[in-house]
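J.: My structure is below; once you've seen it, I'll send some questions.
The values are calculated or read from the model by the stated rules, or taken from the named source; none is laboratory data. This is a predicted model, so every value here is computed, not measured. Every residue, glycine among them, receives a Cβ derived from its backbone with ideal geometry; neighbour counts consider all protein chains shown. SASA here: full protein model, heavy atoms, side chains in, ligands and nucleic acids out. Shrake-Rupley method; radii C 1.70, N 1.55, O 1.52, S 1.80 Å.
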Amino acid sequence: MGRSGQDARRVVTLTVVLAAQCTAWLPKWAPTYNMSRSTIFMPCNDSGFTDPEISAKWGVVDFDWSNGKRAWTMAKPMDCEERLVEQAALVKSVNPTAKVWVYRNLVKALPWYTSVREKLLDPQYSGFFLKFNQSKSAPAPHVPKCAESLVGGPTKCSEFYHDQEQTPQNGKGYTPPPPPFNPGPTTWTLYNPGNGVSGEHPADNLSIWLAPGPATDYATYEACQLAADTAMQTNSAIRMFTWWAPPPTSTTSGTCWFHNHIEMSGGGSYSPEAGHVMGYKGPAADAPARENTGANYNTCIGDCDCGDGLPCGEYLWDHRNGSMLQNFLVNEFVLNPTTGLKNPNVDGFYFDDGWTNKPAPVPSWAPKTYRQCDMWNTGGATEEDFYCVADMGLSQADVNLITQNHNDLMAKVFDAVVANGGFAWPLLTSRSASLDLKNPKPTCAADLRARCSAKGSYHNDTLMFEFTRKTFHDAFPLPYVEQDVAQFLLVRGPYAYIGHSWMGCIQPSGYVTGNSTKGYDRPAALDIDYGEPVDATCTETAPQSGVFVRNWSKASVKMDCNSYEGTITMKAQ
């Protein structure tokens, strides 16, 4: 729910666990057909708490660990776990009926969670965590064991395996270039160092472009700046370039990007990241402010504090441990009364990531060059460094055992969460769509024929019906609001929610990471009272007509798949 930049990772299906279930997972709370309460939302604000007045309008609201990252990365030690509960309490104070879920990861052991950090620092729990390959003949790992201080502090090292893919990094004070600072439409204003496209890919986002030609064309930022000047002659949307000399700093090649606004977790400012230079040419009022703290939301001021002597990183639970680890994760990490489900402000969880014992394909939303640990020939952990299995010295048998035990754990976790009155995102039956990856229009009739049944999964499961996105990484404006709401009312059962899954965090500039428009859309149709369904299910008006209808107490709903038009006609009351 937090990765760097786009954080596209979010959809992990625990197929093995859920396939073993013979019946649908349903919450213990009462069902509702109230439309405003039949909504779901996964917001995030990098710079602080998400506005509870906005969040509380949704029936289910789920918060990622990236939420409030600016604040908790500065805490000493970091306190992400506690701040998630504070955020939940803020929403409950506005709307006590809202169901608030928070983030948990039972694959990665994230030390910015207090309860995880305590175990990482306690030697008697060392068996809870996977280690770097301990063989004396093991090659050097692909990720560092140590984090060096940039402010004269001690170097921190750990033999527990950890990567830095989405990890807050040590920072230092940054002195901006001397005045004058006069951004404008005719000259380039440089931010050096400066990274304005952290975590983004031009294939993912229509507001970012990769400069043409080989990397050897961009050995200097000046070459990138010149290429941007040329590109701006035919693409008026370009206002910025970001140049990167990939580590170790290269003198012969670089990467050059063009973009039209900040695309990273700094929002209205930018990341003063070593090896990068950003340039801006455009209206002075739109120029990014010069960062004067040396920090962005993924960079600490000075040394990050993930615990005494502990480098920040994404550590991994060792599920070969067995019952002792499982008991801790279920009864303490998930159910505890302070930050877990037994806290009255917490109603459920987003459980992220997974293990696989077979190599995974490149996801449909990712660039072809995307590589992660689960793509290794043995399989592995999702969203971890590609070489993680090799760097830990794991065999296929090890990965098999970890995968099986993790699946067993998740079955116990789901049982415990539901038994204690909560629910979890992986238990939702999800409908997702976007015009670039999964346009719902061509399959409309076939989909509704399958769903207009009292035995259909949408009707009997807990449904998460996601609004169709414009593109997967640039959702707004939503292209099919009327059609989506109509189809939701046609197919939904007593436990159903319509809304948004993970999109990224909102920035101080108002942009959601990766989106070319500001803010999250909440269509007005979500606040209309349609009553309750009169018809048990939707029906097709005639065989193969492609027109589907369902009668509600306060509305008549129709979806014509031939014209792809949804109609909701309110009844006179």
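J.: Being touching a Cys at 6+ places or on another chain (Cβ under 9 Å), surrounded by fewer than 16 Cβ atoms within 10 Å (Cβ to Cβ) and either of a type outside the set (Phe, Trp, Tyr) or at pLDDT below 95 (or both) narrows it down to one of GLY322, GLY313, GLY380, GLY309, so name that one.
T.: Numbers: GLY322 fails: touching a Cys at 6+ places or on another chain (Cβ under 9 Å); GLY313 fails: surrounded by fewer than 16 Cβ atoms within 10 Å (Cβ to Cβ); GLY380 fails: surrounded by fewer than 16 Cβ atoms within 10 Å (Cβ to Cβ).
Only one candidate qualifies: GLY309.
J.: Moving on to the next point. Given the residues TYR103, TYR113, which is the only one that is under 17 Å from the mean Cα position of the chain (by Cα) and open to solvent by less than 50 Å² (accessible area, probe 1.4 Å)?
T.: Working: TYR113 fails: under 17 Å from the mean Cα position of the chain (by Cα).
Answer to the check: TYR103.
J.: Please state which of the following conditions PRO359 fails to meet, knowing it meets all the rest: (1) buried (at least 17 other Cβ atoms within 10 Å of the Cβ); (2) touching a strand residue (DSSP E or B) at 6+ places or on another chain (Cβ under 9 Å); (3) over 28 Å from ASP122 (Cβ atoms); (4) not acidic (Asp, Glu).
T.: Only one criterion in (1) buried (at least 17 other Cβ atoms within 10 Å of the Cβ); (2) touching a strand residue (DSSP E or B) at 6+ places or on another chain (Cβ under 9 Å); (3) over 28 Å from ASP122 (Cβ atoms); (4) not acidic (Asp, Glu) is unmet by PRO359, namely (1).
J.: Would you please list the contacts, defined by Cβ atoms under 6 Å and residues six or more apart or on different chains, that run from a residue in the range 433-459 that is of a type in the set (A, V, I, L, M, F, W, C) and outside any loop (DSSP other than H, G, I, E, B) to a residue that is open to solvent by less than 60 Å² (accessible area, probe 1.4 Å) and at pLDDT 90 or above?
T.: Final answer for the pair search is CYS444/CYS561; ALA445/GLY546; ALA445/CYS561; LEU448/PHE548.
J.: Do you know which of the residues in the range 218-236 that are over 15 Å from TRP188 (Cβ atoms) and touching a strand residue (DSSP E or B) at 6+ places or on another chain (Cβ under 8 Å) is surrounded by the fewest Cβ atoms within 10 Å (Cβ to Cβ)?
T.: Result: ASN235.
J.: Follow-up question, since we're still on this one. Every residue in the range 388-407 that is touching a Ser or Thr at 6+ places or on another chain (Cβ under 6 Å) and under 17 Å from GLU314 (Cα atoms), please.
T.: Hit for the range 388-407 is VAL389, nothing else.
J.: Among the residues of the range 357-384, which ones are under 15 Å from VAL399 (Cα atoms) and among the charged types (D, E, K, R)?
T.: LYS358, ASP374, GLU384
J.: Continuing with this model, one more query. Can you tell which of PHE351, PHE414 is buried (at least 16 other Cβ atoms within 10 Å of the Cβ) and part of a strand (DSSP E or B)?
T.: PHE351
J.: One residue is enough: does the range 383-398 have a residue meeting the conditions crowded, with 22+ Cβ neighbours inside 10 Å and of a type in the set (Phe, Trp, Tyr)?
T.: Looking through the range 383-398, none of the residues is crowded, with 22+ Cβ neighbours inside 10 Å and of a type in the set (Phe, Trp, Tyr).
J.: If you take the residues in the range 85-100 that are out of contact with any helix residue (DSSP H, G or I) (no Cβ under 9 Å at 6 or more places or on another chain) and closer than 23 Å to CYS304 by Cα, which one is surrounded by the most Cβ atoms within 10 Å (Cβ to Cβ)?
T.: Once the filter is applied, the top-ranked residue is VAL85.
J.: Considering only the range 12-91, give the helices (runs of 4 or more DSSP H) lying wholly within it that have at least 2 residues that are modelled with pLDDT under 95 and under 29 Å from PRO363 (Cα atoms).
T.: Helices (runs of 4 or more DSSP H) meeting the threshold: 15-19.
J.: I'd like the full set of residues that are in a loop (DSSP other than H, G, I, E, B), touching a Phe, Trp or Tyr at 6+ places or on another chain (Cβ under 9 Å) and at negative phi, limited to the range 550-573.
T.: SER553, LYS554, CYS561, LYS571
J.: Moving on. Evaluate the following for ALA536: is it within 17 Å of TYR480 (Cβ to Cβ) and open to solvent by 70 Å² or more (accessible area, probe 1.4 Å)?
T.: No; evaluated as a whole, the condition is false for this residue.
J.: Give the range 36-84 a look and list any residue that's open to solvent by 10 Å² or more (accessible area, probe 1.4 Å), of a type in the set (D, E, K, R) and farther than 19 Å from ILE506 by Cα, or say none.
T.: ARG37, LYS76, ASP79, GLU82
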